[in-house]
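Read the structure below first, then the notes.
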Amino acid sequence: MVACSLPSSMIAIPNRRSSADLFRSWNLVFVPCLRSNSSSRFVYSASASSRSIGRLRGAPVRFSFTEGDRGSSSAADSSAAEEAQEAVVEILRECGASEEESVYIASNSRGYLEMLIGNVQELDEHSLWGSWNREVAEEGVDLNSCSFRQKVNFVKGILFPSTNNEAFIGKNARRMMMYLSITADDDVQRTLSFFEKMEARQGGLNMLGNRDASFCYLIESFPKLLVLSVDNHFKPLVNFLELVGVPKEGISTILLTFPPILFYDIEKDLKPKLHGLAKAGAEETDIAKMILKYPWLLSSSIQKNYNRLLAYFNVKKIPKASFDIAIKSWPHVLGCSTSKMKSMVEQFAELGVSRTMMVPVITSSPQLLLMKPKEFLEVVSFMEEFGFDSTTIGRILRRCPEIFASSIENTLRKKVQFLMDFGISKDRLRRVIRKYPEMLLLDTDNTLLPRLRFLMKVGLSKKEVCSMICRFSPILGYSIEVVLEPKLEFLLRTMKKPLKEIVEYPRYFSYSLHKKIRPRFSVLKSRNLDYSLEDMLSKNDEDFVRVYMGVEVPLVVPSVTSKDAA
């Protein structure tokens, strides 16, 4: 399998492959990509080029590469070179290029021509040419037929749609490999072999979703893929995936990160495997999302591991329902061995996380179960830098487990340094983190910075803003448009209070404007009573009525709830 891109006259020669790899590649499809000065791109498959390239069979070729000039090697046999050039011209013309363009590209593709001749000669030297033709015939595939070309185009269409998310596909593939710690079955092993081939090329797995970069390696790893029927296999498979809820644009993600599914029979393979996911507590609406996140869920080894993990958590007296919730949000957990998971559970226990406390940890942040103890302890050490003891660190873990799955340099330390640069001392920041550890997860550019700028824009100094953060740090997470701005406007325009009031009592922003602030203000205004924000809002309903209305019967004033904070 060969893919090369030739901008102008610069020729890039890919590494020569072994005869076995070459045979597998040429078995079904051959895709050279050529590009002229006008950036036109032509893609061609063996279905239309086998006869043209076949004329080169048996032509003796010698190569001489000079140091520093990879593309300057020449073929000793000029006749073979002429035939190769004619073949490329013919290929390009059949793909729609003009005669002039075809000749120009072929004449400026010297290195590519030599590589082409060498690959054909290699087939002949190892007696693979005849074997190639025989195997193609045995599979019943006519590489010269229009139907074969249509099959290639259809497969490329479902694997590489125009809306393909290349970055996500590569990232997910790496994550799947990283978190696998059980013995893989044949399907996963073949997928890993495909990933390794992609990782060895320039761009690595980041190019997994790239049509020109990965299709040839996919065919090389799964050579019988193009033997399958479009109407009787591919289309029903795609329709079935859409039927279970996989969005059309997500199908390519599943197929590229777990290609063996392309060979699965819907009735014998797919439906039973999906039924297995249902046993794990997955609802019909969850299954598609889980497969998109972790296509290896459909492999036998991953599904068998569910029972082993379930038995382990049963011993730990963790409810099955809790474990199933963890799987639905982070299905990669099913690729983790019980021994590896046990090491992380032991780390939690050392921080005082008991069995009952374990449930909210694994349901809100199941990815912690996949961490290496060393990575987890690095976050613990980061917390210890602030003087937190194990009891406090355990409390932070139970309240906000996501922190321990975060990057120290890119997330945690970045937030700390940002706030210290703003003016909050390390000692005061320690108190902020203890009271509001979620602050470490707030985005610096999109959350922290806009809120600090807003508070300063209305007339508060840096010192005053720092004081507010230390008094009531959740203010850093409140929406400007929904919470801060309307409540500040009510304070200044309706209540006629100065800014210093919110500096002294920033918790004012935590109360509901419509259910608590406005009703209590109306009562106090009607009685012409002097009051501070803390006096007005910190008392419960009974105390407020007794102090400001002089009666023992409580006024029906709704108390604040977490949902009312906005």
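Assorted remarks:
- Answer residue from the stretch 387-405, given it is surrounded by fewer than 17 Cβ atoms within 10 Å (Cβ to Cβ) and in a loop (DSSP other than H, G, I, E, B) and is modelled with the lowest pLDDT among those: Gly387
- Only one of Gly140, Gly130, Gly157 that is in a loop (DSSP other than H, G, I, E, B) and either modelled with pLDDT under 85 or under 16 Å from Leu262 (Cβ atoms) (or both): Gly140
- Residue count, the stretch 536-566 (criterion: at pLDDT 90 or above and assigned to a helix (DSSP H, G or I)): 2
- Residues of the stretch 235-247 satisfying the condition of being open to solvent by less than 40 Å² (accessible area, probe 1.4 Å) and part of a helix (DSSP H, G or I): Leu237, Val238, Phe240, Leu241
- Within the stretch 312-331, the set of residues being of a type outside the set (D, E, K, R) and more than 16 Å from Gly276 (Cα to Cα) comprises Tyr312, Phe313, Asn314, Val315, Ile318, Pro319, Ser322, Ala326, Ser329, Trp330.
- Those residues of the stretch 194-234 which are touching an Asp or Glu at 6+ places or on another chain (Cβ under 9 Å) and assigned to a loop (DSSP other than H, G, I, E, B), in sequence order: Leu208, Gly209, Asn210
- Scanning the stretch 314-354 for residues that are more than 15 Å from Leu297 (Cα to Cα) and outside any helix (DSSP H, G or I) turns up Lys316, Lys317, Ile318, Pro319, Leu351, Gly352, Val353, Ser354.
- Residue in the stretch 316-325 that is among the basic types (Lys, Arg), open to solvent by 30 Å² or more (accessible area, probe 1.4 Å) and either touching a Leu at 6+ places or on another chain (Cβ under 9 Å) or closer than 21 Å to Ser390 by Cα (or both) present: yes
- Summed over the stretch 494-530, residues that are more than 22 Å from Val458 (Cβ to Cβ) and surrounded by fewer than 20 Cβ atoms within 10 Å (Cβ to Cβ) total 11.
Residues checked against (1) within 20 Å of Thr183 (Cβ to Cβ); (2) of a type in the set (A, V, I, L, M, F, W, C):
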{"position": "Gly276", "(1), (2)": "yes, no"}
{"position": "Gly281", "(1), (2)": "no, no"}
{"position": "Asp286", "(1), (2)": "no, no"}
{"position": "Ile302", "(1), (2)": "yes, yes"}
{"position": "Asn305", "(1), (2)": "yes, no"}
{"position": "Arg308", "(1), (2)": "yes, no"}
{"position": "Tyr312", "(1), (2)": "yes, no"}
{"position": "Lys316", "(1), (2)": "no, no"}
{"position": "Ile325", "(1), (2)": "no, yes"}
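- Given (1) open to solvent by less than 30 Å² (accessible area, probe 1.4 Å); (2) farther than 20 Å from Gly387 by Cβ; (3) touching a Gly at 6+ places or on another chain (Cβ under 9 Å), number of the condition Met439 does not satisfy: (2)
- Filtered by the rule that a residue be open to solvent by 10 Å² or more (accessible area, probe 1.4 Å) and hydrophobic (A, V, I, L, M, F, W, C), the stretch 354-382 gives Met357, Met358, Val359, Met371, Leu377, Val380.
- Some residue of the stretch 455-467 being open to solvent by less than 40 Å² (accessible area, probe 1.4 Å) and more than 27 Å from Thr411 (Cα to Cα): yes
- Asn206 meets the conditions (1) within 15 Å of Phe160 (Cβ to Cβ); (2) surrounded by fewer than 21 Cβ atoms within 10 Å (Cβ to Cβ); (3) in contact with a helix residue (DSSP H, G or I) (Cβ under 9 Å, 6 or more places away or on another chain); (4) modelled with pLDDT under 90 in every case but one. The failed one is (4).
The values are calculated or read from the model by the stated rules, or taken from the named source; none is laboratory data. Predicted, not measured: the structure shown is a model, and the values here were computed from it. Virtual Cβ from ideal backbone geometry, glycine too; neighbours counted across all protein chains shown. The protein model used for the area step is the full one, side chains on, heavy atoms only, and it has no ligands, DNA or RNA in it. Shrake-Rupley method; radii C 1.70, N 1.55, O 1.52, S 1.80 Å.
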